[in-house]
Protein chains: 2
Amino acid sequence: MPQGQPTVVPQDGLTTRQRRNRPLVMVHTGVGKGKSTAAFGMALRAWNQGWPVGVFQFVKSAKWKVGEENALKALGATGQGGPVTWHKMGEGWSWIQRPTAEGEPSHEEKAREGWEQVKRDLAAETYEFYVLDEFAYLLHWGWVDTAEVIEVLRNRPGRQHVVITGRNAPAELCDFADLVTDMSKVKHPMDAGQKGQRGIEW
Amino acid sequence: MPQGQPTVVPQDGLTTRQRRNRPLVMVHTGVGKGKSTAAFGMALRAWNQGWPVGVFQFVKSAKWKVGEENALKALGATGQGGPVTWHKMGEGWSWIQRPTAEGEPSHEEKAREGWEQVKRDLAAETYEFYVLDEFAYLLHWGWVDTAEVIEVLRNRPGRQHVVITGRNAPAELCDFADLVTDMSKVKHPMDAGQKGQRGIEW
């Protein structure tokens with residue numbers, strides 16, 4: 001709990017309040033559980049502040065995270081907090097109308113289309129809180145250029161918080177980010193032969 | 001994502017389905033961010049399954065986690081998923097009626113009252129998903145006996161999942177738990193003199 005006093009006060013010409021309210025880039029990485037789950041948990045706070053929340057789910061299958069998706073959409077629909085928009089790569093991005101004759105794009109092409117939309121939304125300040133779920137994988141694989149992502153994030157206008165999840169987040173991204181948490185696996189039921197279950201894993 | 005095959009198939013006499021559906025005890029510990037946040041993120045999945053969710057917030061101040069609290073209560077109120085019950089030690093537990101003449105109980109006494117209620121709820125199978133937020137601290141401090149907690153959890157009836165968060169979770173609890181994740185701090189804005197902010201930290 002961050003009641004503490006910072007041990008360093010930077011010479012950045014900002015007041016404590018200005019510094020406190022700077023928008024953040026956050027990275028949840030590591031091989032343990034909870035990277036995406038904590039990002040969706042953060043989205044609850046953003047929702048409660050009335051911030052528009054945009055989720056970009058950079059995963060192949062649409063099967064996972066249906067619990068979080070249903071919950072965040074239901075919250076958005078209450079009208080008590082911020083609106084929630086959920087984009088899924090697994091079902092083809094909603095903003096893309098594909099002619100039926102065209103072949104299915106590769107996972108890599110879809111990932112790039114997702115990032116292009118994130119860039120457009122950041123430029124337009126569409127959301128105040130972004131979850132780029134599993135996005136770190138794409139950077140690790142080289143499908144999206146890490147240097148470009150850092151440049152876009154560095155120059156994003158206004159007050160937009162961004163959380164990026166996924167294993168193997170590149171060191172350059174972690175160096176750039178304001179907050180980096182590494183989730184380490186200590187023990188998982190799979191180690192004892194127990195497979196993932198409804199309500200717990202999705 | 002747990003699509004994988006377990007490398008070990010235990011000789012426990014259970015089918016894969018029976019083993020998969022065993023209720024879990026999960027621990028989120030370590031000094032990094034995301035321990036509670038991931039637990040509340042998991043509660044979204046539980047809610048989506050229609051499971052009654054019980055949150056026991058074992059922290060002194062009621063100021064924190066108001067975002068998660070408002071969000072989960074709003075979800076519970078939609079009636080689309082499971083009901084959500086939120087208990088806060090910081091405001092005095094809701095089930096306790098104190099005569100005004102009585103002195104304010106100590107933090108330690110309140111913590112024990114919280115654990116006694118958890119025991120009653122586990123015995124009554126009140127919830128299917130429990131978040132015992134910051135409970136690990138109480139075990140670490142010896143305010144609640146770890147061996148007793150393990151015994152109660154081991155013998156809990158029915159199908160009740162329990163997530164325990166907090167730094168310094170005792171080794172015996174981690175040995176007993178089905179899933180343990182350690183959240184490590186790699187970098188935090190406080191290190192650069194930036195204090196916690198609304199919508200991000202609470």
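The values are calculated or read from the model by the stated rules, or taken from the named source; none is laboratory data. Bear in mind that the values here come from a model prediction, so they are computed numbers and not experimental data. Positions of Cβ are backbone-derived with ideal geometry, glycine not excepted, and every protein chain shown enters the neighbour counts.
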Enumeration of residues in region B:58-75 that are farther than 22 Å from residue A:36 by Cα, within 12 Å of another protein chain (Cβ to nearest Cβ) and crowded, with 19+ Cβ neighbours inside 10 Å: B:59
Going through region A:167-189 one residue at a time, which ones are more than 17 Å from residue B:163 (Cβ to Cβ) and of a type in the set (A, V, I, L, M, F, W, C)? A:169, A:171, A:173, A:174, A:176, A:177, A:179, A:180
Go over the candidates B:136, B:177, B:192 one by one and state the one that is over 13 Å from residue B:32 (Cα atoms) and free of Cβ contacts under 8 Å to residues at least 24 places away in the same chain. B:192
(1) buried (at least 17 other Cβ atoms within 10 Å of the Cβ); (2) over 19 Å from the mean Cα position of the chain (by Cα): which one isn't true of residue A:198, the others all being true? (1)
With the structure loaded, tell me whether residue B:105 is at pLDDT 95 or above and not acidic (Asp, Glu) or whether it fails that test. no
Checked region A:157-174 for anything crowded, with 20+ Cβ neighbours inside 10 Å and either more than 7 Å from chain B (Cβ to nearest Cβ) or within 18 Å of residue A:33 (Cα to Cα) (or both); matches are A:160, A:162, A:163, A:164, A:165, A:166, A:169, A:173
Do you know which residues across region A:5-47 are free of Cβ contacts under 8 Å to residues at least 60 places away in the same chain, more than 7 Å from chain B (Cβ to nearest Cβ) and either under 15 Å from residue B:186 (Cβ atoms) or not in a helix (DSSP H, G or I) (or both)? A:5, A:7, A:11, A:12, A:13, A:14, A:15
Residue B:122 touching a residue at least 12 places away in the same chain (Cβ under 8 Å), in contact with a Lys or Arg (Cβ under 7 Å, 6 or more places away or on another chain) and at the interface with another protein chain (Cβ under 10 Å from one of its Cβ atoms): no
For region A:132-190, which residues satisfy the criterion of being touching a Gly at 6+ places or on another chain (Cβ under 9 Å) and of a type in the set (Asp, Glu)? A:133, A:134, A:182
Across region A:53-64, which residue is modelled with the lowest pLDDT among those that are among the small types (Gly, Ala, Ser) and closer than 20 Å to residue A:196 by Cα? A:62
Using the structure shown, decide if residue B:190 is within 11 Å of another protein chain (Cβ to nearest Cβ) and aliphatic (A, V, I, L, M). yes
Given the conditions (1) outside any helix (DSSP H, G or I); (2) within 25 Å of residue B:42 (Cα to Cα), which single one is not true for residue B:174? (1)
Residue in region B:65-74 that is out of contact with any Cys (no Cβ under 7 Å at 6 or more places or on another chain), small (Gly, Ala, Ser), modelled with pLDDT under 90 and outside any helix (DSSP H, G or I) present: no
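Residue by residue, here is whether (1) among the charged types (D, E, K, R); (2) within 14 Å of chain A (Cβ to nearest Cβ); (3) buried (at least 16 other Cβ atoms within 10 Å of the Cβ) holds:
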{"position": "B:106", "(1), (2), (3)": "no, no, no"}
{"position": "B:117", "(1), (2), (3)": "no, no, yes"}
{"position": "B:130", "(1), (2), (3)": "no, yes, yes"}
{"position": "B:135", "(1), (2), (3)": "no, no, yes"}
{"position": "B:138", "(1), (2), (3)": "no, no, yes"}
{"position": "B:141", "(1), (2), (3)": "no, no, no"}
{"position": "B:148", "(1), (2), (3)": "yes, no, no"}
{"position": "B:154", "(1), (2), (3)": "yes, no, no"}
Lone unmet requirement of (1) touching a strand residue (DSSP E or B) at 6+ places or on another chain (Cβ under 9 Å); (2) surrounded by fewer than 13 Cβ atoms within 10 Å (Cβ to Cβ) for residue A:96: (1)
